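> Have a look at the structure that comes next, please.
The values are calculated or read from the model by the stated rules, or taken from the named source; none is laboratory data. The model shown is predicted, which means the values in this text are computed figures rather than measured ones. Here Cβ is always computed from backbone atoms with ideal geometry, including for glycine, and neighbour counts include all displayed protein chains. These area figures cover heavy atoms from the full protein model, side chains too; ligands, DNA and RNA do not enter into them. Shrake-Rupley method; radii C 1.70, N 1.55, O 1.52, S 1.80 Å.
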Amino acid sequence: AQTVTQSQPEMSVQEAETVTLSCTYDTSESDYYLFWYKQPPSRQMILVIRQEAYKQQNATENRFSVNFQKAAKSFSLKISDSQLGDAAMYFCAYRSGSGTYKYIFGTGTRLKVLA
Amino acid sequence: EAGVAQSPRYKIIEKRQSVAFWCNPISGHATLYWYQQILGQGPKLLIQFQNNGVVDDSQLPKDRFSAERLKGVDSTLKIQPAKLEDSAVYLCASSLDPYNEQFFGPGTRLTVL
C-alpha cells in the first residue's frame, strides 16, 4: 500500500525568506503523481503544484517549486519570497496513475510566516 | 464558475443520532470525492464516484456510513448512528475526471457529543 509521510508538523519562516517543506512517500508503482495542497485557515483546500513521476524536470509555479527525488521517494516543496498569505496547512498527496486514481494525503505541515 | 458547494457548514449532534451532508459539485464534473479530515490529520478518502457509480469505497465504514450520488450530480453522505470518533471535517471534492485536478468544497465540520 502507498503511504505519504510529512515529518514536520510545523515550520516557521520570515517574510521574504525561503522555506522548504519535506515529504516522503512509499510505493511500488511506476506511474503516479505527486501534489502539494494548501489549506488556509477556515478556507478551502487548493492545489499548489503537481509533479508527474515520469517527468525528470522539477515542477515550478511562480514562487513555488519542488525537488522531486524519485529514487529516494522524496518530494519537497520550496516556497521562495514567503508572503503572509502563504501561512496555511500544506499537504503532500500521492495519486496512482492507474486503477481508481485514489489520492493519499500526508498529515500536513503548518506553515507560519513571521512579519 | 461556481465552486463546490457543501451544506451544512457546521453540525453538532449527540452520539447515536443520524446526520446527512450534501455536496453539489462543479457543473460538468463527473468525479466526486468524499473525504474525512480528523483534526491534525490529512484528508482520508471515504468514497469516490464516477458519475453515479462507486469507484472506491474501501475506507468507508459501511456499517454506519452511506453515500449516494443520484443522477450523477449532487451527493449525500449519511452517518447512522454517529460515534464520538466521527467528529471531523467532511470534505467534498470534484473533478472533470479522475485524471484532472480536484477542487474542494469548504467542508462540513461535524461535532459528535
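> Just how large is the dipole of chain B about the Cα centre, in debye to the nearest 20, putting +1 at every Lys and Arg Cβ and -1 at every Asp and Glu Cβ?
Dipole of chain B, to the nearest 20 debye: 460 debye.
> Partner chain Cβ atoms within 10 Å, averaged over the residues of A:91-103 - can you pull that number for me?
Taking the mean over all residues of the peptide, I get 4.
> What is the Cα convex hull volume of chain A when expressed per residue in Å³?
Dividing the Cα hull volume of chain A by its residue count gives 96 Å³.
> To continue, here is another question. At R0 = 22 Å, how high is the FRET efficiency between B:Ser58 and A:Ile46 if r is their beta carbon distance? Nearest 0.05 is fine.
Efficiency, rounded to the nearest 0.05: 0.25.
> Something else now. Can you give the mean number of other chain Cβ atoms that lie within 10 Å of the Cβ atoms in peptide B:37-45?
The per-residue average across the peptide is 5.
> Ok, one more. Using DSSP to call loops (not H, G, I, E or B), can you name the trypsin sites (Lys or Arg not before Pro) in region A:1-66 whose Cβ has at most 11 other Cβ atoms within 10 angstrom?
Listed in order of number, the matching sites are A:Lys55.
> With every protein chain left in place and a probe of 1.4 Å, what is the accessible surface of A:Asp81, to the nearest 10 Å²?
A:Asp81 has an accessible surface of roughly 80 Å² with all protein chains in place.
> Dividing the alpha-carbon radius of gyration of chain B by 2.2 N^0.38 Å (N being the number of residues), what value is obtained?
After normalising by residue count via 2.2 N^0.38 Å, the value is 0.99.
> How big is the accessible area of B:Glu101 in square angstrom, nearest 10, if you roll a 1.4 angstrom probe over the protein chains?
70 Å²
> Just counting partner chain Cβ atoms within 10 Å, what average do the residues of peptide B:100-106 show around their Cβ?
4
> Given the peptides B:30-38, B:65-73, B:91-99, arrange them by the average over their residues of other C-beta atoms within 10 Å, most packed first.
B:30-38, B:91-99, B:65-73
> Cα convex hull of the protein assembly as shown: mean projected area in nm², to one decimal?
12.6 nm²
> Let me cross-check A:Ser98: its accessible surface, 1.4 Å probe, with only protein heavy atoms counted, in Å² to the nearest 10?
Counting only protein heavy atoms, A:Ser98 exposes about 60 Å² to solvent.
> Treating cross-link reach as a plain straight distance, find the lysines whose alpha-carbon is under 22 Å from the alpha-carbon of A:Lys38, omitting any fewer than eight places away in the same chain.
A:Lys73, A:Lys78, A:Lys102, A:Lys112, B:Lys44
> Return the whole-Å distance between the Cα centroid of region B:78-95 and the Cα centroid of region B:59-77.
Spelled out, the Cα-based centre of one part sits 11 Å from the other.
> Leaving ligands and nucleic acids out of the surface, order B:Ser27, A:Ser74 by accessible area at 1.4 Å, largest first.
Largest accessible area first, the list is B:Ser27, A:Ser74.
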